[in-house]
Amino acid sequence: MDPQVIQKVVHEMANFTPKMSDIEGVPLIKGTCDTWDDIWRFQAHPEDVLVAAYPKAGITWMQEVVDMICQEGDGEKCRRAPTYDKHPFLEAVAPKPIPSGLQLAENMEPPRILKTHLPVQLLPPSFWEQDCKVIYVARNAKDSMVSYYHFQRMNKGLPEPGDWADYFSTFLSGDVFWGSWFDHVIGWWEMKNHRQVLYIFYEDMMENTRREIEKVMRFLGKQLPEEILEKVYKETTFQAMRDNPMANYSTIPSFVMDQSISPFMRKGMVGDWRNHFTVAQDEVFEEEYGRRMEGTGLTFRTHL
Ligand code: A3P
């Protein structure tokens with residue numbers, strides 16, 4: 001990044017307190033809400049692929065899988081730019097002069113791989129009108145909560161999470177950016193049979209990555225030979241992405257994401273919640289979970 005740009009951003013970040021506003025009751029970053037009309041009117045291209053997820057579900061992992069499939073296993077091509085530059089994050093806003101997700105997307109030639117954390121009801125209508133493929137990644141709430149907590153600790157663009165006990169209540173109440181985990185995963189689940197949507201679970205990817213990569217490949221209408229699929233797999237393992245500066249967010253300066261507090265590629269496992277939840281918290285969680293998920297037909301695994 002140009003030193004002058006860094007200076008400006010450092011100054012902006014020093015005075016930056018992330019403000020929350022909402023669109024139709026969904027808490028979003030105020031800057032996103034301020035530019036909502038433009039986001040809502042975003043024009044997708046029929047060949048764009050959208051990767052969607054609630055925060056910390058493993059969207060970066062899926063972005064890399066999709067990119068590797070689209071680039072037919074060419075790791076060099078996939079390292080052409082950091083994740084956040086090559087796959088515009090639709091509703092992202094940043095201090096000027098960093099371009100917004102919308103600006104990045106509009107300056108990129110389709111077909112694009114785009115990223116969003118928007119709940120299904122807020123997805124700009126052109127994605128449906130243009131018949132775009134949408135891959136939704138869902139991760140169990142307990143591990144999502146833990147991952148989001150550590151992400152909020154290290155990411156200055158998000159509010160300080162407070163201590164774990166506070167955060168536990170905040171997360172369960174849905175008072176976090178992009179709103180309630182329950183509303184998000186259930187909302188998208190209701191679209192799971194739509195021909196444009198592939199609903200994938202983080203836990204399934206962890207259990208059998210090759211199987212899930214093949215699912216994504218077929219959904220994207222590709223037919224790749226075994227050796228290419230193996231390259232996709234190898235390039236997108238936790239270890240490979242952790243060591244890949246284009247995938248591990250290490251190119252974001254530490255005054256924005258301080259990876260000494262918590263690395264972006266943190267643990268990459270199912271069940272880390274056991275190291276955080278107390279027995280009492282687990283009881284509270286299970287009660288709320290049972291109440292919210294009843295009758296949805298949507299089930300998650302919290303261990304493998
Ligand atoms: P943890 O914080 O539990 O480690 P997102 O990309 O949606 O922000 O999600 C980040 C989470 O996905 C982090 O979880 C991160 O470690 C995990 N992750 C990223 N790449 C992964 C990979 N290749 N394999 C497994 N987990 C991965």
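The values are calculated or read from the model by the stated rules, or taken from the named source; none is laboratory data. In this text the structure is predicted, and so the values were computed from the model without any measurement. Cβ placement follows ideal geometry from the backbone for every residue including glycine, while neighbour counts extend to all protein chains displayed. Accessible surface areas use protein heavy atoms only, side chains included; no ligands, DNA or RNA. Shrake-Rupley method; radii C 1.70, N 1.55, O 1.52, S 1.80 Å.
Some notes on this structure:
- Check on Val216, under 30 Å from Thr251 (Cα atoms), more than 15 Å from the chain's Cα centre (by Cα), part of a helix (DSSP H, G or I) and in contact (Cβ under 8 Å) with a residue 24 or more places away in the chain: yes
- Some residue of the range 194-202 being surrounded by fewer than 22 Cβ atoms within 10 Å (Cβ to Cβ), among the polar types (S, T, N, Q) and under 26 Å from Leu304 (Cβ atoms): no
- Counting the residues of the range 213-233 that are charged (D, E, K, R), farther than 17 Å from Gln196 by Cβ and surrounded by 14 or more Cβ atoms within 10 Å (Cβ to Cβ) gives 3.
- Condition check for Gln130: of a type in the set (S, T, N, Q), open to solvent by 10 Å² or more (accessible area, probe 1.4 Å) and under 18 Å from the mean Cα position of the chain (by Cα): no
- Members of the range 33-89 that are open to solvent by 60 Å² or more (accessible area, probe 1.4 Å), within 16 Å of the ligand (Cβ to nearest atom) and more than 12 Å from the chain's Cα centre (by Cα): Arg79, Asp85
- Residue-level check: of (1) away from the ligand (no atom under 12 Å from the Cβ); (2) part of a helix (DSSP H, G or I); (3) touching a residue at least 40 places away in the same chain (Cβ under 8 Å); (4) open to solvent by 40 Å² or more (accessible area, probe 1.4 Å), Leu172 misses just (4).
- Filtered residues of the range 120-163 (kept if at pLDDT 95 or above, within 15 Å of the ligand (Cβ to nearest atom) and part of a loop (DSSP other than H, G, I, E, B)): Arg139, Asn140, Pro161
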